[in-house]
1. If you take the residues of region 1-51 that are modelled with pLDDT under 80 and of a type in the set (A, V, I, L, M), which of them is farthest from Tyr108 (Cα to Cα)?
2. Residue under question is Thr55, and the condition is that it be modelled with pLDDT of 90 or more, farther than 24 Å from Ile132 by Cα, polar (S, T, N, Q) and in contact with a helix residue (DSSP H, G or I) (Cβ under 9 Å, 6 or more places away or on another chain); does it hold?
3. Looking only at region 40-90, filter to residues that are touching a Gly at 6+ places or on another chain (Cβ under 7 Å) and touching a residue at least 60 places away in the same chain (Cβ under 8 Å); which one of those is farthest from Glu176 (Cα to Cα)?
4. I'd like the full set of residues that are within 20 Å of the chain's Cα centre (by Cα) and surrounded by fewer than 18 Cβ atoms within 10 Å (Cβ to Cβ), limited to region 133-146.
5. Residues of region 84-114 being of a type in the set (Gly, Ala, Ser), assigned to a helix (DSSP H, G or I) and under 20 Å from Met44 (Cβ atoms), which ones?
6. Within region 115-135, identify whether any single residue is within 20 Å of Leu76 (Cα to Cα), assigned to a helix (DSSP H, G or I) and of a type outside the set (S, T, N, Q), and answer yes or no.
Amino acid sequence: MKKKNSVGIWITAIFAIGVAMYGFVLYGVLDGRESAFVDSKDGMELSDSWMTWLTVHAISAAIALLIGWLQFVKRLRLKHLSLHRAIGMLYTLAIAVGGVTGLYLSFYASGGISGMLGFGLLAIVWLISTGIGVAAIIVRRDPAAHGKWMLRSYALAFAGVTLRAYLPLSMVLFGEEVFDIYYAVIAWICWIPNLFVAEWLIRRKKRPTARNTVSA
């Protein structure tokens, strides 16, 4: 079981690091105005500060995605608690910024009202789940609850990866003519299935092993 968990963490890390670095390069090094995402907004009435909000969101979300998976490495938590806490504080700050900017950007989302609601609710649930997770360890001193809520939080952060998996696949299957239609669906499926996976992982940990059942 431990080996499977390690494989899962490293697979998650590979995808997370890849997408995070893409965000850093596109919006931190290059001019994000040249991105396909910005091009898709052609024709929309955007505020003068929209590009700044997008850049801040992309970089803060990339930071959360890049470092969040480290919090689930058991050896780091047990042997380097101070580092675990430092990463946690940076992760929380990144989500605070990424969530607020994401909520703002949701009002300009493609895909009509469905796109706006999907990404807006993602930002809200991301902020709330992270806040509950932080409160669980700081206020209630409940590491078990803290771990569960932060797993949900990172599952939502991982929407940055699943979104970028669904988009090119949808473009290949359906073309660009109906972009708004499938983007309205992606606004929901890029994060809701992630939460189901997180809940499955949480419930799997609760299940008694065969050895424990016999012992009981």
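The values are calculated or read from the model by the stated rules, or taken from the named source; none is laboratory data. Fair warning: this is a prediction, and the values are worked out from it, not measured in the lab. Here the Cβ is made from the backbone with ideal geometry for all residues, glycine too, and neighbour counts use every protein chain on show.
1. Quick first cut of region 1-51, residues modelled with pLDDT under 80 only: 1-6, 31-48.
Remaining after also requiring of a type in the set (A, V, I, L, M): 1, 36, 38, 44, 46.
On the way: Met1: 44, Ala36: 15, Val38: 11, Met44: 8, Leu46: 7 Å.
For region 1-51, the residue satisfying everything is Met1.
2. Numbers: modelled with pLDDT of 90 or more: yes; farther than 24 Å from Ile132 by Cα: yes; polar (S, T, N, Q): yes; in contact with a helix residue (DSSP H, G or I) (Cβ under 9 Å, 6 or more places away or on another chain): yes.
It is true that Thr55 is modelled with pLDDT of 90 or more, farther than 24 Å from Ile132 by Cα, polar (S, T, N, Q) and in contact with a helix residue (DSSP H, G or I) (Cβ under 9 Å, 6 or more places away or on another chain).
3. Applying the filter and picking the extreme gives Gln71.
4. Across region 133-146, the qualifying residues are Ala135, Ala145.
5. Looking only at region 84-114, we keep the residues that are of a type in the set (Gly, Ala, Ser), and these are 86, 88, 94, 96, 98-99, 102, 106, 109-112, 114.
Now drop any that are not assigned to a helix (DSSP H, G or I), which leaves 86, 88, 94, 96, 98-99, 102, 106, 112, 114.
Gly102, Ser106, Gly112, Ser114, listed by residue number.
6. Yes, region 115-135 has at least one match.
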